[in-house]
Amino acid sequence: MKKLIVANWKMNPSSAKEAVSLAKKVDAGIPQEKNIEIEVVIAPPFPFLAGVGKVIRRAKLGAQDVFWEDAGAYTGEVSPMILKRLGVTYVIIGHSEQRRLLHETDEMIHKKVSASLQAGLKAILCVGESLAVRKKGLAAAKNFVKNQLKKDLKNISGLKDNELIIAYEPIWAIGTGKSDNPESAAEMTRFIKSTLRSKPYTLNARVIYGGSVTSQNARSFLYYNGSTSFDAAQDKSLATEGIDGALVGGASLKAEEFKKIIKSL
Ligand code: PGA
C-alpha cells in the first residue's frame, strides 16, 4: 500500500506568495516514477487552497478543517462542497489543536467526518491521548483512543477502505520535538486497525502517525517491522502490518526537510 505523507501547514506561512512558493518546491520533490509508492498531501490554510491547488501537479490538496452543513448562515465556516469544488481531496478532522483550543467535541467531529465522506472527501481523522493518559500506560491510551473512535465514527459504516484515514497523534508528541517511539506507535496502529476491522466498522483503514516527525525519524516509524506485544496477544493477522504514513507539522514547512522525509522512505 502506498505510504501517505500529509503536510499539515497549520496557520503558516504568512502570505499566499510564500504558500505557493513552498508548494511548488515540495511538489517538485515528489518522485515522478510511474510506480510511486508515496502519496503526498499538502494541507495549507483555507485562503491558500486555491493558489496552492493551481501549482501542484503530483501532490494532492488537503484542507485542515471543514464544517458539516452544505450552505447557509454559518459565519466563518467552510462546507465540504466548497472544498470539493476547490479541488480538495483530503480533509483533516479532529486535530488536537482544534479539540483543545476551539473546544471541538466528538459530536462535532462526528458530524464533520460524516458530512465530508458524504461529499466524497477523504477524511483524515486525528485521535490521540494526552500525556496524563499516557502516563497511566499504553493500555489506558488504547482505551482512550478506542473511545474517541467510537464517538467520532458513530453509525459510520459501509465505507470503502481508502475513504477514511486515522492519524494517531499522541498530543504530547505534537510540536514538542519529542516523538513517540516507533514500537508504541506501531502497537497503537495495530490496535486501531484491529478495532476498525471489527464490527461495526469492518474497514481496512490506513493508519498514519503524527507527532514530531522529521527526516531523521520518519523511516523508523514508517518501516518499523519489529513485533509488538499486541501481535502476540491479539490479532496475529496484523503482525506484519505497519504504519501507513505520517502527518507532518513543523517539518513540512521547510521544503528541504520535507523533501528529505519523502526521500528517506
Ligand atoms: P508536528 O505536528 O509534526 O509539528 O509535531 C504534527 C501535527 O500536529 O499534525
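Bear in mind these aren't lab numbers, they're just calculated from the coordinates by the rules spelled out. Since the model is a prediction, treat every value here as computed from it, not as a measurement. Because the Cβ atoms are built from the backbone with ideal geometry, glycine has one as well, and the counts that use them run over all protein chains shown.
Just to confirm a number: summing +1 for Lys and Arg and -1 for Asp and Glu over residues other than R57 whose beta-carbon lies under 13 angstrom from that of R57, what do you get? Walk me through the numbers before you get to the answer.
Details: positive: K24, K25, K54, R58, K60; negative: D27.
Here the count lands on +4.
Extension gain E163-E107, at 0.36 nm per residue separation less the Cα-Cα distance, in nm? Don't jump to the answer; show the numbers that get you there.
Working: separation 56, 0.36 × 56 = 20.16 nm, distance 1.98 nm.
Value of the extension gain: 18.2 nm.
Under a plain spin-label model, where a point goes 7 Å from the Cα along Cα-to-Cβ, how far apart in nm are T75 and K151?
Label-label distance for T75 and K151, simple model: 2.8 nm.
Taking the Cα centroid of region 204-260 and of region 1-31, what is the distance between the two, rounded to the nearest whole Å?
Using only Cα atoms to place each centre, the spacing works out to 19 Å.
So how do 95-105, 42-52 stack up, highest first, on mean other-Cβ count within 10 Å?
On the way: 95-105: 15.9, 42-52: 20.3.
With the highest mean Cβ count within 10 Å placed first, the list reads 42-52, 95-105.
Mind ranking 179-188, 131-140 by how tightly packed they are, going by the mean number of other C-beta atoms within 10 angstrom, highest first? The partial results should precede the final answer.
Numbers: 179-188: 21.7, 131-140: 13.3.
So the order, starting with the most tightly packed, is 179-188, 131-140.
Semi-axes of the equivalent ellipsoid for the chain, please: Cα gyration tensor eigenvalues, times 5, square-rooted, ordered largest first, whole Å. List each step's numbers first, then the result.
Values: eigenvalues 142, 102, 59 Å².
The answer is 27, 23, 17 Å, longest axis first.
Rank by packing, highest mean first: peptides 204-216, 12-24, 67-79, with packing defined as the count of other Cβ atoms within 10 Å averaged across residues.
On the way: 204-216: 22.5, 12-24: 15.9, 67-79: 12.4.
Per-residue mean Cβ counts within 10 Å order the peptides as 204-216, 12-24, 67-79.
Beyond 32 Å between alpha-carbons counts as too far, so tell me which of K24/K193; K25/K146; K160/K236; K25/K193; K24/K154; K154/K260 fall in that bin.
Values: K24/K193 34 Å; K25/K146 38 Å; K160/K236 23 Å; K25/K193 34 Å; K24/K154 38 Å; K154/K260 38 Å.
Result: K24/K193; K25/K146; K25/K193; K24/K154; K154/K260 exceed 32 Å.
May I ask you to give the average projected area over all directions of the convex hull of the Cα atoms of region 58-112, in nm² rounded to one decimal?
Numbers: hull surface 16.8 nm².
Over all viewing directions, region 58-112 projects a mean Cα-hull area of 4.2 nm².
Once you have the Kirkwood Rh of region 140-220 from its Cα pairs, apply Stokes-Einstein at 20 °C and 1.002 mPa s and quote D in µm²/s.
For these conditions, the coefficient is 160 µm²/s.
Report the local net charge at A218: Lys and Arg +1, Asp and Glu -1, summed over other residues whose C-beta lies under 11 Å from its C-beta. Each step should come with its number before you reach the end.
Working: positive: K3, R219, K260, K263; negative: E257.
Charge balance in the 11 Å sphere: +3.
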